Amino acid sequence: MQRVPADPTVLHPFPDQPRVVLLKPLVKSPLIEVGEYSYYDDPDDATAFETRNVLYHGGPEKLRIGKFCAFGTGVRFIMNGANHRMDGPSTFPFPIMGGSWSEHFDLISGLPGRGDTVVGNDVWFGYGVMVMPGVRIGHGAVIASGSVVVDDVPDYGVAGGNPAKLIRTRYSEDEVARLRAVAWWDWPAEHLTEHVRTVMSGTIDDLEKAAPRG
């Protein structure tokens, strides 16, 4: 029997579960890039991800999300637009209040940022995670529920807490290098379909043997 890949272009991969959305067909902002099959789960309104879960996003910094990422309910990305000045006595953004205060808009424009926020492939975010601006989260990482991520997380790292700290790594350095090299998330969908069980429950040796040739 021919095996058919899941469709990465549908909004709701489970038709009877509107709480789950694929983000690539949902997101319209040019400031957000999402890979295929990454999804968000929210019983209230998963389709509001761009406005409810990506906050203070005026650019030019981007949010870049890889493929096959899983976002639990309430995951939030705080972008660089949330920054306030901290080099003077007050952090209050007086110019945005209007009146003559707006004459001083130069004091809050062009604040330094940390660059793009980048999420690798196959990252799992637990319930209520908050990611601060400019953070880079590596492939295969796991972020525990309720964590506030203020620093980078390495490939296949498990991080948790407020602020989030690296708890452990899922594999050794050599194994992580092998996993990056095999890069199963870039396999053609038809080939991946033949090897889903290996990707989910196999060993690194199994993955390497299953990798497409040529």
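The values are calculated or read from the model by the stated rules, or taken from the named source; none is laboratory data. If you're wondering where the values come from, they're calculated on a predicted model, not measured in any experiment. Reconstructed Cβ throughout: ideal geometry from the backbone, glycine too, with neighbour counts over all protein chains shown. Surface accessibility is based on the protein's heavy atoms, side chains included, excluding ligands, DNA and RNA. Shrake-Rupley method; radii C 1.70, N 1.55, O 1.52, S 1.80 Å.
Observations on the structure shown:
- Residues considered: ASP174, ASP152, ASP186. Largest GNM mean-square fluctuation over the chain, using C-alpha springs under 10 Å, is found at ASP174.
- Rounded, prolate or oblate (a/c below 1.5 giving rounded, otherwise prolate when a/b exceeds b/c) for the stretch 113-214 by Cα gyration tensor: prolate
- Over the chain: helical MRE at 222 nm, DSSP H runs n ≥ 4 each giving -39500 (n - 2.57), nearest 500: -4000 deg cm²/dmol
- Rounded to the nearest 20 debye, dipole of the chain from Cβ charges on Lys, Arg, Asp, Glu: 120 debye
- The modelled label-to-label distance between LEU111 and HIS84, using points 7 Å beyond Cα along the C-beta direction, is 0.8 nm.
- For the stretch 7-112, convex hull of alpha carbons as volume per residue, Å³: 123 Å³
- Rounded to the nearest 20, the size of the Cβ-charge dipole of the stretch 94-163 about its Cα centre is 120 debye, with Lys and Arg at +1 and Asp and Glu at -1.
- Most positive-pole-ward Cα, GLY58, THR193, GLY157, against dipole of the chain from beta carbon charges: GLY157
- Contact order normalised by residue count of the chain, Cα under 8 Å, 6+ apart, percent: 13 percent
- Around ASP174: net Lys/Arg minus Asp/Glu count, Cβ-Cβ under 15 Å: -2
- Dipole magnitude (debye, nearest 20) for the stretch 1-89, charges at Cβ of Lys, Arg, Asp, Glu: 220 debye
- Taking the longest Cα principal axis of the chain as reference, the axis of helix 173-182 is set at about 80 degrees.
- Accessible surface, the chain, averaged per residue in Å² (probe 1.4 Å): 57 Å²
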